[in-house]
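Just so it is clear, none of the values below were taken in a lab; they were calculated from the coordinates. From a predicted model like this one, the values you see are computed outputs, not experimental measurements. FYI the Cβ positions are ideal-geometry reconstructions off the backbone, even for glycines, and counts take in every protein chain you see.
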Ligand SMILES: [Zn+2]
């Protein structure tokens, strides 16, 4: 009896040894070089939004990365999403604590808005954002100096999905595909349900067009931005 069990175990061991490695055990992919392949960075502002969990599921299922410009007050109320974002390889940026217009704010307010969000993200996920997106994409030289103090470049967007205004799945997809371009940075929101609802099909279409969905840091690598720099540089910006 014991002999029979032993030989069965031996057979089982052989079967395990010759079974092909499952897909998930493949060697990790090389980092993506956006100067060589077509890249695009989807960015989600003002979150973590209500639908961040569904969005994260979709991104994970499709092997897509995104960048989340987080608002500190929601980091505080939805910390588990922030933790997931980091664990699943997404990039985090700072989008203030309560979304004031920085160009109409005192230096002290701007600094505390940024610091409180850094602290909230650190508490939620153990990391600190390295990119700043000022609320409404509005900055001036004072904001730039403060961003520099925090060691962060300011990241705007090359185009928007207009999701917050259309709130329509088809319109969001159409607009995003119309403005998609290599190394583009697309503004979206994970509090807009229609954005999250349309994401599986949008990702599929972008991939069919040859895009790799990557983080902002991947697409700006060749820009060599310094803290306090702004990208893309808005019209009329002087430094
Ligand atoms: Zn915003």
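Annotations for the structure displayed:
- Build a GNM of the chain with springs between Cα atoms under 10 Å apart, and of 50, 104, 116 the one that fluctuates most is 104.
- Spin-label model distance (nm) - residue 83 vs residue 208, 7 Å beyond Cα toward Cβ: 3.8 nm
- Cα centroid separation - region 75-100 against region 178-211, whole Å: 20 Å
- Helix-only mean residue ellipticity at 222 nm for the chain, each DSSP H run of n ≥ 4 adding -39500 (n - 2.57), per residue, nearest 500: -12500 deg cm²/dmol
- Highest-MSF residue in the chain out of 99, 189, 212 [GNM, Cα springs under 10 Å]: 99
- Gyration tensor (Cα) of region 142-219, equivalent ellipsoid semi-axes in angstrom: 26, 16, 10
- Pairs of Cα atoms farther than 26 Å apart, region 30-231, %: 28 percent
- Distance (nanometres) between label positions extended 7 Å along Cα→Cβ at residue 159 and residue 106: 4.2 nm
- Rounded tilt (10° steps) of 107-125 against the dominant C-alpha axis of the chain: 10 degrees
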